[in-house]
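The values are calculated or read from the model by the stated rules, or taken from the named source; none is laboratory data. Since the model is a prediction, treat every value here as computed from it, not as a measurement. Because the Cβ atoms are built from the backbone with ideal geometry, glycine has one as well, and the counts that use them run over all protein chains shown. These area figures cover heavy atoms from the full protein model, side chains too; ligands, DNA and RNA do not enter into them. Shrake-Rupley method; radii C 1.70, N 1.55, O 1.52, S 1.80 Å.
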Amino acid sequence: MTRTGNPAPPAAPLSSGTIHRHVVWGAAITALGGLLFGYDTGVISGALLFIGKDFHGLTSFDKELLTSILLIGALAGALAAGKIADRVGRRPTVLGTAALFVAGVMLAAFSPSYAVLVGARVVIGLAVGSASMVVPLYIGEVAPPRVRGALVSFNQLAITSGILVSYLVDYGLSSSQNWRLMFGLAAVPAILMFTGMLFQHESPHWLVAQGREDEARKVLHRVRGEADIDAEIAEVRELSERNSSFREVLSPAVRHVMIIGVTLAVFQQITGINTIIYYAPTLLKSAGLGSSAALLANVVNGAVNVAMTIVAIRLLDRTGRRPLLLGGTAGMAAGMVVVALTFLLGGDQLHGGTAYIAIAGLLIYTGSFAIGLGPVFWLLISEIYPVKIRGQAMSVATMANWGANFVVTISFLTLLGAIGNAGTFFLFGGLSIVAVVYFQRQVPETRNRSLQDIERELGLPRGAIADTAAQVPAQVPEPDV
Ligand code: BGC
């Protein structure tokens, strides 16, 4: 294992079509982790209705615990996965995550008691948290810069598809009340992910960071073809030769990108997306809609989420990240204001036309999230950190995301009680406007740049990370506007 040792003779170059296929397959297999993330967070809404028939006497708190304990597991999973991915590699981490998914969903499907089911939700949460950071990390490092935005955002497409599939499965199995199968079906994509990943390569950037350049060269040859592999290896090597302890995540030179990632994470959640994803049917029912109308509106909302994510994937590498982030978040504010005004003017019981206006507001909000803050958050945190600490730095942002998700989810119903429907949605709208202002000032454009260029441009000059004593000032480049 050498840093500069003789390069292994490269395998025969592949045609660009084949290269594309390799990268796309890698992205698709790992994105099954996103599908499981979406499915496992979404499935509980329907399953909750039927768990009580096997485990009698469950209180509301028992149900809330079952829902939100997954988010705590996810927080811990994101923390552990970053360290593991930097230490043992991205590929084994994906494999371990898939195995954990299989174990968790099987335990849930066969749980003999409520306590075991809670334990199973923790295990699933660990896997969800781990997948949520290691999937964008892996895809971001394997993808060529010009299509990185689209490929990393496969993950967000998978998350939204997972949520939609879970709504449909819940709906389809509701007549049989088979909540065990609702959980258990997730074993299928988990097994596919494990098997598919066995045939994938380790991330070339991680290999270089470990000094395993011969292996990195082989992988790059497969996924980049004839492109300038030596230059890419030299760049990643140069950047990764800097120090690598977790303390660097908090060093002055890295702090500004850490703050951008964590703030994006928190804004993605405190602007309210999961209050809609988890509670829309409950909300619409309490506003006077019938059950089936509320469930139908929910499925439409899930479909809009998927459709607009596809639009985002087509645009991210063309228009760039910033226009979608800014426009999308402004659209979220507009959608929330429509919902809030409907409740303010129409009262908490919606009738006829006002119900449709509220649903339209929800769809504008979800569609705008899906085109901007949804995919862009996960994409940017795979792009803005230095290679040597990328796994750990992504963990921090991902944990912030799960932590904020937990706080919002656990307090939403209380918030509705305290400041009412209109007040709550005005609050989310207002926070979306604050987010737009912050993004406008702080978030850099990363379109069509190599991860190495981004690392340089984000003001991490040579030695800056190691030299905390020198207090190298961090520079954020002028955002492209
Ligand atoms: C968020 C999740 C959310 C999902 C909705 C993701 O980007 O991180 O919290 O449930 O989008 O589509």
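Below are the figures for this structure:
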item: Note, ³J(HN,Hα) from phi for segment 335-348, Karplus 6.51, -1.76, 1.60, rounded to Hz, x at Gly and Pro; result: x, 5, 5, 4, 4, 4, 5, 4, 5, 5, 7, x, x, 6
item: Most to least packed among 285-292, 315-322 [average Cβ atoms within 10 Å]; result: 315-322, 285-292
item: Highest to lowest packing among 325-333, 217-225, 56-64, scored as the average C-beta count within 10 Å; result: 325-333, 217-225, 56-64
item: 1.4 Å probe accessible area per residue over the chain, in Å²; result: 38 Å²
item: Segment 387-433 shape via C-alpha gyration tensor axes, a/c threshold 1.5; result: oblate
item: Cα shape, segment 295-375, gyration tensor, a/c 1.5 rule; result: oblate
item: In sequence order, calculated HN-Hα J values of segment 280-285 (Karplus, 6.51, -1.76, 1.60; Hz; x Gly/Pro); result: 3, x, 4, 5, 5, 5
item: In degrees, nearest ten, helix 90-109 long axis to first principal axis of the chain (Cα); result: 20 degrees
item: Close Lys-Lys pairs in the chain, where close means Cα under 23 Å and separation is 8 or more or interchain; result: 5
item: Built amide H within the under 5 Å cut-off of Arg447, gap 5+; result: Arg321
item: Percent of C-alpha pairs per 5 Å bin, segment 342-410, short to long; result: 3, 14, 14, 14, 15, 12, 10, 7, 5, 3, 2, 0
item: Under Karplus coefficients 6.51, -1.76 and 1.60, residue-wise ³J(HN,Hα) of segment 40-46 in Hz, glycine/proline x; result: 5, 7, x, 5, 4, 4, x
item: The chain - mean residue ellipticity at 222 nm from DSSP helices (-39,500 (n - 2.57) per run, n ≥ 4, rounded to 500); result: -25500 deg cm²/dmol
item: Rg followed by Dmax, in Å, when the chain is reduced to its Cα trace; result: 22.4, 74
item: Solvent-accessible area, 1.4 Å probe, carbon plus sulfur percent, for the chain; result: 66 percent
item: Long-range amide H partners of Ser111 with built H, under 5 Å; result: none
item: 0 to 90° range, to nearest 10: angle between helix 60-88 axis and the chain longest Cα axis; result: 0 degrees
item: Separation of alpha-carbon centers, segment 366-422 and segment 95-110, rounded to whole Å; result: 24 Å
item: Hypothetical label at Ser411: residues of segment 275-312 whose amide nitrogen lies under 17 Å (7 Å Cα-Cβ projection); result: 275-276
item: In degrees, nearest ten, helix 187-198 long axis to first principal axis of the chain (Cα); result: 0 degrees
item: Point-to-point label distance, Val299-Tyr438, nm (Cα→Cβ direction, 7 Å offset); result: 3.7 nm
